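The values are calculated or read from the model by the stated rules, or taken from the named source; none is laboratory data. Treat the numbers as computed from the prediction; the structure is a model and nothing was measured. Because the Cβ atoms are built from the backbone with ideal geometry, glycine has one as well, and the counts that use them run over all protein chains shown. These accessible areas exclude ligands, DNA and RNA; they are computed on the full protein's heavy atoms, side chains included. Shrake-Rupley method; radii C 1.70, N 1.55, O 1.52, S 1.80 Å.
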Amino acid sequence: MGEDKPLLSELHHKHLTEERELDEEAIKEGDYFTMPSRTSRYLRVFFKELKERFDYEPNKVEGVPGFYKMNNKPADRMYTFATKKGMGIPIRDAEGILMGIQIRRDKIKKGESRYVWLSSGFANAEEDLSFGTGSHSPIHVSYPKENKFDNVVFLTEGVFKSQAIARSFHSVALSLQGILNWKHGLFPTLDLVEQVEQTNIEHIYLAFDSDIRSNIHVYEAVRDIIQTIQNFDSNIQLYYVWWDGDFGKGIDDLIQGGHQKQMKKVPAEEFVNAYDKAIEILEERLEMDVKDAIKELGKECLTEVFDEFVRPLYAS
């Protein structure tokens, strides 16, 4: 807290500028920050500023994801927050309201996720803690400076990717924080985008990682999204965009490398039909379920049928 201290550590600023290739304007727009240490001094300053700026007492954080109450502490030290060392990534809804904080952890062990939520749901299971709140995995909305395609929305996974899309393609982009975290928030978010932009969404481009060609779980989630949107509004034109992984795994890698023209689109229904056919052929050839085949033979068996039946859709 305090204007005399930078919000980003040197380590995190270097990550954004050198690895993500973001300029200072993009960093400012993203509101990235280094997670503070949960010290007594920091908490005193935090709650003091909360009172001075917003006339909020400490109990106002009850119900805010990440915060919780320690019932066995003195009144002036009861409220605190969960923290992990890393960089904070604000998640904002279509109206710009802060809905949660995702943390990109500095260090992870094998099998751990690099990205976690600022969440305190654990507190409700502890006798001396209360008012813990989970993150609810909200959807982030990235807006371009100038929306040149007001009837178009991109859907991707990860804030860095949605922000790269908004900057590069001048279109609204929604970011799922996890491929499965769309069921409860996608349609309310689309409705709110339409209200904010005063438009009707007519085209949705799905832009998930290029390794969908070898990841059956990602494909199944994408297929569910496509089918659900089609059932929700058959007038929306859906497209699946794909590019060869040599140009980057994620669409932000593609954009960062200047390979936007390598991104090709096909109607989403054609993509699903071709991918389903590839799975069917694979299962017939090997006489086993696709997931069993992947477990036994590796992801390469799925990649081969993808290249045979799905890749040709993007050849032109």
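Can you give the local net charge around residue 132? Use residues other than it whose beta-carbon is closer than 9 angstrom to its beta-carbon, Lys and Arg +1, Asp and Glu -1.
0
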Query raised in the report: So how exposed is residue 246, as accessible area in Å² (1.4 Å probe, rounded to 10)?
Result: 140 Å²
**Report entry** Partner lysines for residue 48 [C-alpha distance under 20 Å; skip if fewer than 8 residues away on the same chain]
**Finding:** 5, 60, 69, 73
Query raised in the report: Could you state the per residue volume, in Å³, of the convex hull enclosing the Cα atoms of region 191-316?
Result: 121 Å³
Report summary line: Length gained if residue 44 through residue 112 is fully extended, taking 0.36 nm per residue and subtracting the Cα-Cα distance, is 21.3 nm
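Counting heavy atoms of the protein chains only and a 1.4 Å probe, report the per residue accessible area for region 60-101 as a whole number of Å².
Heavy-atom accessible area per residue stands at 49 Å².
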Report task. With a bin width of 10 angstrom, please list the P(r) values of region 1-65 as percents of all Cα-Cα pairs, from the 0 bin to the one holding the largest distance. Result -> 18, 40, 29, 13, 0
Report task. On each of the three principal axes of the Cα atoms of region 62-156, give max minus min coordinate, whole Å, ordered largest first. Result -> 55, 34, 20
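Among 116-123, 66-73, what's the highest-first ranking by average C-beta atoms within 10 angstrom per residue?
116-123, 66-73
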**Report entry** Given [x] -0.39, -0.50, -0.93, -1.21; [y] -0.30, -0.38, -0.85, -1.28; [z] -0.34, -0.44, -0.92, -1.27, the label whose value is log10 I(q)/I(0) by the Debye sum over Cα atoms at q = 0.07, 0.08, 0.12, 0.15 Å⁻¹ derived from this model
**Finding:** [z]
Query raised in the report: Can you give me the pair-distance distribution of region 30-73, C-alpha pairs, 5 Å bins, whole percents?
Result: 5, 17, 22, 33, 18, 4, 1, 0
Requested in this report: Return the carbon/sulfur percentage of the accessible area of region 1-70, one whole number, probe 1.4 Å, all protein chains in place.
Outcome: 49 percent
**Report entry** Solvent-accessible area, 1.4 Å probe, carbon plus sulfur percent, for region 71-115
**Finding:** 51 percent
Query - Value of relative contact order over the chain, rounded to a whole percent, pairs C-alpha under 8 Å and six or more apart - result: 11 percent
Report summary line: PRE zone check, label point 7 Å out along Cα-to-Cβ of residue 286, amide N under 18 Å, scope region 293-316, hits 293-311
Report summary line: Cα-Cα pairs in region 1-130 separated by more than 23 Å, as a whole percent of all pairs, come to 39 percent
Query raised in the report: Using a basic spin-label model with each label point 7 Å from the Cα along Cα→Cβ, how many nm lie between residue 51 and residue 183?
Result: 4.4 nm
Query raised in the report: Excluding residue 188 itself, what net charge comes from residues whose Cβ is under 14 Å from its Cβ, given Lys and Arg +1 and Asp and Glu -1?
Result: -4
